[in-house]
Every structure is written in structure tokens, then in C-alpha cells.
Amino acid sequence: MGRAFEYRKATKLKRWGHMAKTFTKIGKQIAIAVKAGGPEPENNPALRAIIANAKRENMPKDNIERAIKNAMGKDQSDYKEVTYEGYGPHGIAIFVETLTDNTTRTVGDVRSVFNKFNGNLGTQGSLSFLFDHKSVFTFKKKDGLDMDEMILDLIDFGVEDEYDEDEEENSITIYADPSSFSAVQKHLEENSTRW
């Protein structure tokens, strides 16, 4: 057929492979969010955030709806979130969050990666004290935004009083407690015209 055809074919196959992996990962996240908080995005902020991520990755609406319906079915496999801790090369602490339906297989895979790169897998709780689990919100900064007023308003919803500004990207990053993720997300969505 020619070199141009082969080049286009290889490019499309690579893109489709990436899409397949991404869509499968998002489908698993949707299943966990639906089981935890229900199938309605209006009442389930975790599901709403995952759907927004799916749309960013150009996942078709049919695939999203199918993943929600499959998660509500009884024959859906049970996915669990499991964390692993270990040390990488040069003593770097690594905290791994996984989503799996087979913990035995996953621990073997994680241990294999640690061993391959001269690291070692630690025991549960051996490194967790080194890490802070936080919700992170990043958004574009609007002209004339009073950061002190915004942070004071958001502190009532669990946002920390520290924030990062990126002048090059013209963005703001705020941090919150993971338990207050849905309240902060809802408040930011409701006041998106203000901030």
C-alpha cells in the first residue's frame, strides 16, 4: 500500500491502544464511584469528577453510560483500592495507590517493579507517615481576583489557607482535606463566575 499508509496505520493503532487503556481505567474508576455513592452524578461528586476527566480524555458518552450501567449490575467484579509503600533507588520513599480486583496479582506486579529498579516493597504503614493525603484544585486565575477573600470564603469548606500561584500558567492551586472534596468542588462550581 505504501509508506504513507503504513505510517498512518501505525499512528492510528498507537492512538487507539492509548484510548483503550485510558477508557478501561476510567471505567474501573466509574464502577468504584457508582458503588460508593450511587449512579447519579448530581448526588455523587466523585462520579462527577471522573466523568469530567472522561470527557477531557474524549471518552464517548455511550461508553460512560455503559460503564455506569455495568457498575450497577450484580455481576460486576469487585474492585478495591489498595496502597503499597516502598523505597526506590537511593532511598526515595514511594507510595503507590492501586485499583484492583485481584490483590495477589497486584502485589506481585508492584513488587516486581520495585525489584526491577533496585527498590524494595515495605510493609503497610512503614511510609504513610511521610505523606499527606490532600485534595488538589487547580484553576485559571481571573483578573481582579482577591485571593484573601476567596481563601477566607473557602476555609469554611475545609480548604487550607496556603495556596500556590503559577504566574506563567496564570493558575492557582488550592489544597483541602480529602473528606471535604465534594463540598469544595460543589462550592467552586456554584461560584465559577465569581472566581
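Just a few scattered comments:
- Rule-of-thumb Rg ratio for the chain [Cα; 2.2 N^0.38 Å; N residues]: 1.26
- In this structure, the amide hydrogen of Asp177, modeled 1.01 Å from its nitrogen in the peptide plane, lies closer than 5 angstrom to those of Ser135, Glu160, counting only residues at least 5 positions away or on a different chain.
- Basic side chains Lys and Arg get +1 at the Cβ, acidic Asp and Glu get -1 at the Cβ, and with that the dipole of the chain about its Cα centre reaches some 2020 debye.
- For Thr123, the accessible surface of its heavy atoms amounts to roughly 100 Å² (probe 1.4 Å, protein chains only, rounded to the nearest 10).
- Straightening the chain between Glu190 and Asp78 buys 36.9 nm, computed as 0.36 nm per residue apart minus the Cα-Cα spacing.
- Extension gain from Thr138 to Asp166, taking 0.36 nm per residue of separation minus the Cα-Cα distance: 9.1 nm
- Loop chymotrypsin sites (Phe, Trp or Tyr not before Pro), the range 51-108, which have at most 15 other Cβ atoms in a 10 Å radius of their Cβ (DSSP): none
- Site-free segments of the chain were taken between GluC sites (Glu not before Pro) in DSSP loops having at most 11 other Cβ atoms within 10 Å, sites themselves excluded; the longest one is 43-166.
- Lysine-lysine proximity count for the range 29-130, Cα under 26 Å, sequence distance 8 or more or distinct chains: 12
- Taking θ as phi - 60° and the Karplus parameters 6.51, -1.76 and 1.60, the scalar couplings of the range 139-145 work out to 8, 6, 8, 8, 5, x, 6 Hz in sequence order, x denoting glycine and proline.
- Stokes-Einstein D for the range 115-194, Kirkwood Rh over Cα pairs, 25 °C, 0.890 mPa s (µm²/s): 166
- Nonpolar atom fraction for the range 33-152, defined as the carbon and sulfur part of the 1.4 Å probe accessible area, stands at 50 percent.
- At least 30 Å along the helix axis (C-alpha) and Kyte average at least -0.5, DSSP helices within the chain: 3-37
- Span from the the range 122-152 Cα centroid across to the the range 1-79 one, whole angstrom: 26
- Positive minus negative residues near Lys9 (Lys, Arg vs Asp, Glu; Cβ under 14 Å): +4
- Close amide-amide hydrogen proximity is noted between Val82 and Thr98, Leu99, Thr100, each under 5 Å apart and 5 or more residues distant or on a separate chain (H modeled in the peptide plane; Pro and chain starts excluded).
- Converting phi to 3J(HN,Hα) with the Karplus coefficients 6.51, -1.76 and 1.60 and the offset θ = phi - 60°, the range 84-89 yields 10, 10, x, 10, x, x Hz in sequence order, with x at every glycine or proline.
- The chain: calculated mean residue ellipticity at 222 nm from DSSP helix runs of at least 4, using -39500 (n - 2.57): -15500 deg cm²/dmol
The values are calculated or read from the model by the stated rules, or taken from the named source; none is laboratory data. A quick note: this is a predicted structure, and the numbers were derived from the prediction, not measured. For neighbour counting, all protein chains shown are included, and Cβ atoms are generated from backbone atoms with ideal geometry for every residue, glycine included. SASA here: full protein model, heavy atoms, side chains in, ligands and nucleic acids out. Shrake-Rupley method; radii C 1.70, N 1.55, O 1.52, S 1.80 Å.
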